[in-house]
1. Taking region 61-86 as the region of interest, how many residues are part of a helix (DSSP H, G or I), more than 23 Å from K40 (Cα to Cα) and either open to solvent by 30 Å² or more (accessible area, probe 1.4 Å) or in contact with a helix residue (DSSP H, G or I) (Cβ under 6 Å, 6 or more places away or on another chain) (or both)?
2. Being open to solvent by less than 30 Å² (accessible area, probe 1.4 Å) and among the polar types (S, T, N, Q) is the filter here, so list the residues in region 87-108 that pass it.
3. Suppose we filter V127, V88, V136 for residues that are within 17 Å of A63 (Cα to Cα), in contact (Cβ under 8 Å) with a residue 40 or more places away in the chain and among the β-branched types (V, I, T); which single one remains?
4. For S111, state whether it is of a type in the set (S, T, N, Q), open to solvent by less than 50 Å² (accessible area, probe 1.4 Å), assigned to a helix (DSSP H, G or I) and out of contact with any strand residue (DSSP E or B) (no Cβ under 9 Å at 6 or more places or on another chain).
5. Looking at region 39-60, which of its residues are assigned to a helix (DSSP H, G or I) and not aliphatic (A, V, I, L, M)?
6. Which of the residues belonging to region 118-138 are farther than 17 Å from L68 by Cα and open to solvent by 90 Å² or more (accessible area, probe 1.4 Å)?
7. As an exercise: evaluate V135 against (1) outside any loop (DSSP other than H, G, I, E, B); (2) out of contact with any strand residue (DSSP E or B) (no Cβ under 6 Å at 6 or more places or on another chain) and give the number of the one condition it does not meet.
Amino acid sequence: MITAVIRNFLAAGATALTFFATMDANPTLYIHDKFFVNEKKLCKFFEGKTMWITGASSGIGAALATQLSRHGANLILSARPSEKLDSVAESCRQVSNNENKIHVIPFDMASSHDEIESAVDSALKIVKNNNLDFVVLNA
């Protein structure tokens with residue numbers, strides 16, 4: 001009886017090791033994401049925090065902005081001047097709870113030092129008291 005229990009325990013352990021060995025991610029991050037993170041905790045963490053996302057007009061930046069606005073974050077979105085950036089900001093406003101502040105600062109990360117400094121000054125005026133929680137340099 002005991003040997004059968006031990007055999008089953010070892011078989012389950014081997015199955016778990018095989019599963020984690022074939023993953024393309026850190027197993028601890030997988031377990032944390034799968035069992036400890038939920039919508040309520042994400043909303044509680046991001047609610048009221050201010051994030052500046054560069055490269056927010058498409059791809060990862062746009063998807064991140066949409067998700068964060070859904071979780072209650074205040075956003076500053078930046079990218080090269082384009083209509084795409086305004087449409088991402090509008091989609092963020094639609095999924096947010098209307099208490100979120102979503103601002104747009106169009107600028108190119110490859111521009112001159114003065115233009116980047118001007119964009120930083122604009123962001124600091126928006127956040128007041130330098131209360132910028134996260135910056136995602138996605139550009």
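1. Within region 61-86, the first condition is being part of a helix (DSSP H, G or I), and the residues that meet it are 61-70, 83-86.
After this cut, where a residue has to be more than 23 Å from K40 (Cα to Cα) as well, the list is 83-86.
Cutting the leftovers down to either open to solvent by 30 Å² or more (accessible area, probe 1.4 Å) or in contact with a helix residue (DSSP H, G or I) (Cβ under 6 Å, 6 or more places away or on another chain) (or both) gives us 83-84, 86.
So the answer is 3.
2. To start, the set of residues in region 87-108 that are open to solvent by less than 30 Å² (accessible area, probe 1.4 Å) comprises 88-89, 92, 96, 100, 102, 105, 107.
Residues satisfying the conditions are S96, N100.
3. Details: V127 fails: within 17 Å of A63 (Cα to Cα); V88 fails: in contact (Cβ under 8 Å) with a residue 40 or more places away in the chain.
Residue meeting the stated conditions: V136.
4. Values: of a type in the set (S, T, N, Q): yes; open to solvent by less than 50 Å² (accessible area, probe 1.4 Å): yes; assigned to a helix (DSSP H, G or I): no; out of contact with any strand residue (DSSP E or B) (no Cβ under 9 Å at 6 or more places or on another chain): yes.
Here the answer is no, as S111 does not meet what is asked.
5. Once the filter is applied, which keeps residues that are assigned to a helix (DSSP H, G or I) and not aliphatic (A, V, I, L, M), region 39-60 yields E39, K40, K41, C43, K44, F45, F46, G59.
6. Matches in region 118-138: K125, K128, N129, N130.
7. Condition (2) is where V135 drops out.
The values are calculated or read from the model by the stated rules, or taken from the named source; none is laboratory data. Here the structure is a predicted model, which means the values were calculated and not measured. Reconstructed Cβ throughout: ideal geometry from the backbone, glycine too, with neighbour counts over all protein chains shown. SASA here: full protein model, heavy atoms, side chains in, ligands and nucleic acids out. Shrake-Rupley method; radii C 1.70, N 1.55, O 1.52, S 1.80 Å.
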